[in-house]
1. With the requirement that a residue be in contact with a strand residue (DSSP E or B) (Cβ under 6 Å, 6 or more places away or on another chain) and closer than 27 Å to Pro432 by Cα, what does region 752-775 give you?
2. Ile690 - would you say it is under 21 Å from Tyr657 (Cα atoms), without any contact (Cβ under 8 Å) to a residue 40 or more places away in the chain and not aromatic (Phe, Trp, Tyr)?
3. Taking the condition in contact with a helix residue (DSSP H, G or I) (Cβ under 8 Å, 6 or more places away or on another chain) and hydroxyl-bearing (Ser, Thr, Tyr), does Ser655 pass?
4. Checking Glu197 against (1) at pLDDT 95 or above; (2) open to solvent by less than 30 Å² (accessible area, probe 1.4 Å), which single condition isn't satisfied?
5. Quick check on region 361-383: of everything there that is basic (Lys, Arg) and modelled with pLDDT of 75 or more, which residue is farthest from Ile294 (Cα to Cα)?
6. Can you give me the number of residues within region 270-285 that are open to solvent by 10 Å² or more (accessible area, probe 1.4 Å) and touching a Gly at 6+ places or on another chain (Cβ under 7 Å)?
7. Would you mind telling me which numbered condition in (1) of a type in the set (Asp, Glu); (2) over 30 Å from Pro307 (Cβ atoms); (3) under 31 Å from the mean Cα position of the chain (by Cα) Asp445 fails?
8. What are the pairs, 6+ residues apart or on separate chains, where a residue within region 596-614 that is more than 13 Å from Ser285 (Cα to Cα) has its Cβ under 7 Å from a residue that is in a loop (DSSP other than H, G, I, E, B) and open to solvent by 40 Å² or more (accessible area, probe 1.4 Å)?
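The values are calculated or read from the model by the stated rules, or taken from the named source; none is laboratory data. What you see is a predicted model, and the numbers here were worked out from it, not measured in a lab. In this analysis, Cβ positions are derived from the backbone assuming ideal geometry, glycine residues included, and neighbour counts consider all displayed protein chains. Only protein heavy atoms, including side chains, enter the accessible area calculation; ligands, DNA and RNA are left aside. Shrake-Rupley method; radii C 1.70, N 1.55, O 1.52, S 1.80 Å.
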Amino acid sequence: MNYIYDLKTLPEDKTPLSGGKAASLARMLKAGNICVPFGYVLTADAFKDGELLPSASEELHHLIEELPSKYTYAVRSSALNEDSGDASFAGQYETLTDVPQEKIFDAVKEVSASAGNARVTEYTRANLGEAARSGIAVVIQRFVKPEMAGVLFTSDVISGRDDHLVGNFVHGEGEKLVSGVENAEEFRIDALHYAYEGPSDMKPYAKKLSQYCKAIRRSYGVPMDIEWAVSGKKVYILQARPITTLRRLNMDTYEVNGTRSGYKMLTRTNVGEIFMKPVSPMTFSVLEKINDFIGLPEWLDNINGQPYMNISVMCSILVSFGKSRESAFAAIKDLAGNIPEGATVPVSPFDKKTFLKNLKTLLFPKNKCKLSKKEKHELVLNLPDISRQMARTIRGIDTKEELIQYWDGPMMSLLSDGLAAIMKESGTSLLPLFSTRKKIAKVSDEDMANRLCGGCVGVLDCMKPLLLLEDVLSGKLSKDEYVHTCGHRCVDEMELMAPRPYEDPAFPDDLIEQHRQSGVDLHKMQQEQQVAFEAALAEFKSRYPSKKKWIDKKIAKFVHANTFREYMRSLGVWLFSTFREFLLQAGKLTGLNNDVFMLTMTEILDLLRGQDDPTGKIEARKANFLRYQEYPSFPSLILGRFDPDAWVSDPNRRSDYFWDEAATSEALSASDVKGFPGAAGTITGTVKVITDLSRIDEVKKGDILVTVATNIGWTLVFPRVSAIVTDIGAPLSHAAIVAREFGIPAVVGCGNATTVLKTGDVVTVDGARGTVTKIS
């Protein structure tokens, strides 16, 4: 057949012609674990100018003859723009139920003709605009005569909360519910720990319905609006579509707001120092791939291009394995930062079976890396050189065909083998980052823990762009060697669109001259911290002689964890730099140039293969990406639905947190600021608020730097300042690590420092206590 397909075996290439409803039914039937009445779809190309083509008419007559006459059927619209994330078209097209076999042909014609009615035309214009695609497919499906029928939402359609499934139903056909002829009965099902609340006649079917609906939610990855029925004491799913009011992303235009898809807690701690500006559509697409790769939906979330880490997802994992909400949050508090008093972390249903399956695939892939343990270790050590060589090769490729071949071959090999090698090297080596300070404090006190965890790690990769400048000035290192070691590191190093320092022929002349004029001796600063650490270590061993070997082991593991973490981050930047080289060449060969970063990774690969042309999406995406650059940094922590424009227009907005259930717009008092202890030391000085690295020349020697966050691009200013205070961060953040090694007092993760403090304020920074006290 050319126009009619069994929904259970609908070919992928026919899905675009089958409409939203048929595609959704096919998806559920193929899953095999959801009870859906069997059916067929007559594709949209069977119609021309509203009339059924003769060949399609012949196929339809043949199908009708083959259908079992013991059943009646539902003949339903499946328009190409129906039941999508943009618009549901609920009730706009015609649906005919309980149709006997001999009347199916006429019913198909009636349903297809409804595509031209006035209400469809007006609904389309209002929701999708004049340019919306048209066309209608028709579903012919076994009709189940319901004893009761209804709708269930996997999330609250207003708040997005998904800890309960919310539904309503009527006795008989669901049309009574849609049309409002009969008042519906309501029910709720606890999605975390099954419990039913509602009328007793629905209770026998609630558990099976909840199983089906949660499976559908997992399959689609978005909140769902699901139509169902009970017939013959059996639960059937009749339709499933995304809840249009809870749409997180429109990739066609790059409109993204993670708080629209559910009630969740998001934080910029840690992720905010990696991505300090809105990310491009290309970088966003790679972050989405990372979510898929590790099996954590929306773990790296986003609002108007600004990345966030989804705390709710992380807590939901731990709760699914038996932890309480409180203990789950306590386990990740160093990553998340502080939360408002009275707030709790929203937890959602989490499919731990699927997660463990994905984790097993991640750790033990079918296409197993063939490298030996020694070869993996060598790959990790040689990855910078391999990346440089690949960049040179990519620049020499002059056809799209060669470039995609290089992607499918060497680059995919580097990605798969490189990730396998890095994971093998990682093991449990990073755990001391989270536990060492607490373990030392438990034996001694917080002060001793701070003293021992500072000045001990030596030269980390994130410190090299600063420390090695002195080696260039002293002649120990050539400029070329400096570029070779540090030329890939910069403030926006994980943004694929951002140029790398090594791309600038003049790099690093300006940096060398600035450091020459500063007169700062960085090696001396670091050596002083090393001496202080050795004194603290001797004092600890004197006070606790039985713990001498214990503390040596703890410090050694802590040093290794810090060194390894920063080296792995540097390797990650090399990988991203290699991908950037590929994209630059793809932009050159396709004529897109820098507009290549307005596409997704999948789209550029398809374009190079000649499979699809996504360039029509570039202008809309670019307009939104440029608009996103104009927004200030959003709050460090967000709980609930967040409207960026409403927040920006609020004169009393807070930058530390936003909670949609609290009066967070109350004016902040210009008083003390609190955060995490970053690096010990107390200093009184004058505040300089800088929120963009382009203004870094305004910082004078001795200023107290107050900023949103720092990363490796900001390291060069550290020697000038007497203390560092950040809105975003935690004890493991970049500002805290580097400040500790140079002996610069730091308070991180304050949330509101850039709002409360003003340039010129005189404050006392106590890095050990995590406080900033305003003096005048």
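1. Matches in region 752-775: Asp766, Gly767, Ala768, Gly770, Thr771.
2. yes
3. Numbers: in contact with a helix residue (DSSP H, G or I) (Cβ under 8 Å, 6 or more places away or on another chain): yes; hydroxyl-bearing (Ser, Thr, Tyr): yes.
When the stated conditions are applied, Ser655 passes them.
4. Result: Glu197 fails condition (2) only.
5. Let us first name the residues in region 361-383 that are basic (Lys, Arg), namely 366, 368, 370, 373-374, 376.
From the residues that got through so far, the ones that are modelled with pLDDT of 75 or more too are 373-374, 376.
Details: Lys373: 23, Lys374: 25, Lys376: 21 Å.
By that ranking, first place goes to Lys374.
6. Count: 1.
7. Going through the list (1) of a type in the set (Asp, Glu); (2) over 30 Å from Pro307 (Cβ atoms); (3) under 31 Å from the mean Cα position of the chain (by Cα), Asp445 breaks only (3).
8. The qualifying pairs are Asp606/Asp612; Leu607/Asp613.
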